[in-house]
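Report on one structure; see the data block that follows.
The values are calculated or read from the model by the stated rules, or taken from the named source; none is laboratory data. In this text, all values refer to a predicted model and were calculated from it rather than measured experimentally. For neighbour counting, all protein chains shown are included, and Cβ atoms are generated from backbone atoms with ideal geometry for every residue, glycine included.
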Amino acid sequence: MSKQRLFSLLLVGGVAGLSLFASGGGQADANASLVIQIGILLFAVKLGGFMAQKLKLPGVLGELLIGVLLGPYALGGLPLPLFPHGLFATGIIGASVPVSTELYALATIASIILLFISGLETDLTLFLRYSVAGAIVGIGGVVTTFLGGLLVGVLVFGGGFMDPQNLMLGVISTATSIGISARILSERKKLDTPEGVTILAAAVFDDVVGIVLLAVVLGINAMATSGSGGPAWGQIGLIALKAFGLWLIFTVLGLLFAKRIANFLKRFRRSTAFTILAFGLALVIAGFFEKEGLAMIIGAYIMGLSLSKTDISHIIIEKMHVLYEFFVPIFFAVMGMLVDIRQFFDLRVLLGGLVFTAVAILGKILGCGLPALFSGFNLKGSLRIGMGMVPRGEVVLIYWPASAWQPASCRPACLAWPS
């Protein structure tokens, strides 16, 4: 089966599966809207990526900006014939995600494809060699950015260091966007370098630490809301143990059983068949991680990393390439659509956001670069690692917590910054 036929088969299956998210009598209309949205996005993201590359910038930046421009808070929210609420708006007031459920689900699948392939392209030997350095770098970045975000919250919004909204600013400063970092490293052919694998190892680690920090902050918020004596530290400790335990267990099991998994997949003989099934395993692991309170993309990356040293890894990468080119740019465009650019017209938000962004960038460069320097990297390599840990954009730790329970005074600033 050719790549084109594989692409067509999976695309039709993906769209059919996504249609299940539609409800009631509006199913046909939702399906039609989704098809139109995908068609327009395909042209838009390719144009955005091309223009960014012409300016010697990563293509992902153009895709993100196209998403902001076409999002429901910009051109995508303008009423059109057949789209009274806008081409990319849900039309649902107070919706947790400002785009349609179907399009957001498509972006979720795209993020799994991105991290699954990033795991396959990672040099496992280098990854294991620099995993300790990655852990140290990740911890350093989390500590500095959390403290920096917390301090900005105290200075800009007032309140104490234990104020929930200030703690949340600290939390959303911590998590590096694995997707953006992996995409840029892949485009630059740097995934298999010491700096590249250290960045990915550190990004996975600080994602797990970020989940634990989020649990702590939510516990403190629950205490403040209920007026109880303190957060449930025992329950928070269990969440921390569960997060680190699942991550380590699945990583170890994946590496131990990688060859057996590859041998099982090869029983289906055709490369197209075992590629699809390998991706199916990535979807299952990713979904399990999400069900257990961890990010899907961590599970997808672990599955890809497990198969990276097998004799079928290069075949899977080749067969998945068309899907990568189709889905992944749409993912970054949808992430751009989550940015409410209207908030930037508020001077308080704009100035606070600029200070917050500067502190967050500096926190990653220093918090990750200095530990890398003491881990054996030279000054140039340490700076590369610090800069590689700067990208943000994790929806789990930025968009959802901010919109779900943040006090009104903090919400605009939090929602203005997810890009």
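Can you name the residue in region 355-395 that is touching a Cys at 6+ places or on another chain (Cβ under 6 Å) and not small (G, A, S) and is also nearest to S131 (Cα to Cα) among such residues?
I385
Here are I361, I341, I365: which of them is within 23 Å of the chain's Cα centre (by Cα), surrounded by 14 or more Cβ atoms within 10 Å (Cβ to Cβ) and modelled with pLDDT under 90? If you could, list the steps in order and put the result at the bottom.
Values: I361 fails: modelled with pLDDT under 90; I365 fails: modelled with pLDDT under 90.
Every option except I341 fails the conditions.
Return yes or no: is I220 under 28 Å from the mean Cα position of the chain (by Cα) and at pLDDT 75 or above?
For I220, the condition - under 28 Å from the mean Cα position of the chain (by Cα) and at pLDDT 75 or above - is not met.
Tell me which of these I180 doesn't satisfy, since it passes every other one: (1) at pLDDT below 80; (2) farther than 16 Å from P391 by Cα; (3) β-branched (V, I, T).
(2)
Does G91 meet the test of being over 22 Å from the mean Cα position of the chain (by Cα), buried (at least 20 other Cβ atoms within 10 Å of the Cβ) and at pLDDT below 90?
Here the answer is no, as G91 does not meet what is asked.
Within region 105-124, restricting attention to residues that are modelled with pLDDT under 90 and of a type outside the set (A, V, I, L, M), which residue is surrounded by the most Cβ atoms within 10 Å (Cβ to Cβ)?
Going through the qualifying residues, I end up with G119.
Can you tell which of G134, G153 is among the small types (G, A, S) and over 20 Å from the mean Cα position of the chain (by Cα)?
G153
Determine which single condition I398 fails, assuming it passes every other condition in (1) modelled with pLDDT under 50; (2) under 19 Å from V154 (Cβ atoms); (3) among the aliphatic types (A, V, I, L, M).
I398 satisfies all of (1) modelled with pLDDT under 50; (2) under 19 Å from V154 (Cβ atoms); (3) among the aliphatic types (A, V, I, L, M) except (2).
Using the structure shown, decide if F288 is without any contact (Cβ under 8 Å) to a residue 24 or more places away in the chain, closer than 20 Å to V204 by Cα and either among the aromatic types (F, W, Y) or in contact with a Ser or Thr (Cβ under 6 Å, 6 or more places away or on another chain) (or both).
yes
Just the residues that are surrounded by fewer than 17 Cβ atoms within 10 Å (Cβ to Cβ) and modelled with pLDDT under 80, please, taken from region 148-160.
G158, G159, G160
Within region 254-273, can you find the residues that are part of a helix (DSSP H, G or I) and in contact (Cβ under 8 Å) with a residue 40 or more places away in the chain?
If the condition is that a residue be part of a helix (DSSP H, G or I) and in contact (Cβ under 8 Å) with a residue 40 or more places away in the chain, then G254, L255, A258, K259, I261, A262, L265, K266, S271, T272 are the ones that fit.
State whether the residues of region 125-147 include one that is of a type in the set (A, V, I, L, M, F, W, C), surrounded by fewer than 24 Cβ atoms within 10 Å (Cβ to Cβ) and within 23 Å of L65 (Cβ to Cβ).
Within region 125-147, none of the residues are of a type in the set (A, V, I, L, M, F, W, C), surrounded by fewer than 24 Cβ atoms within 10 Å (Cβ to Cβ) and within 23 Å of L65 (Cβ to Cβ).
From L294, L283, grab the single residue that is in the same structural domain as I117 (by TED's automatic domain parsing) and assigned to a loop (DSSP other than H, G, I, E, B).
Numbers: L283 fails: assigned to a loop (DSSP other than H, G, I, E, B).
From the options L294, L283, the qualifying one is L294.
Can you pull out the residues in region 16-61 that are under 23 Å from V390 (Cα atoms), modelled with pLDDT under 90 and surrounded by 13 or more Cβ atoms within 10 Å (Cβ to Cβ)?
G49, A52, Q53, L57, P58, G59, V60, L61
For the structure I just gave you, tell me whether I316 is of a type outside the set (S, T, Y) and out of contact with any Leu (no Cβ under 8 Å at 6 or more places or on another chain). Let's see the steps before the verdict.
Details: of a type outside the set (S, T, Y): yes; out of contact with any Leu (no Cβ under 8 Å at 6 or more places or on another chain): no.
Criteria not met by I316.
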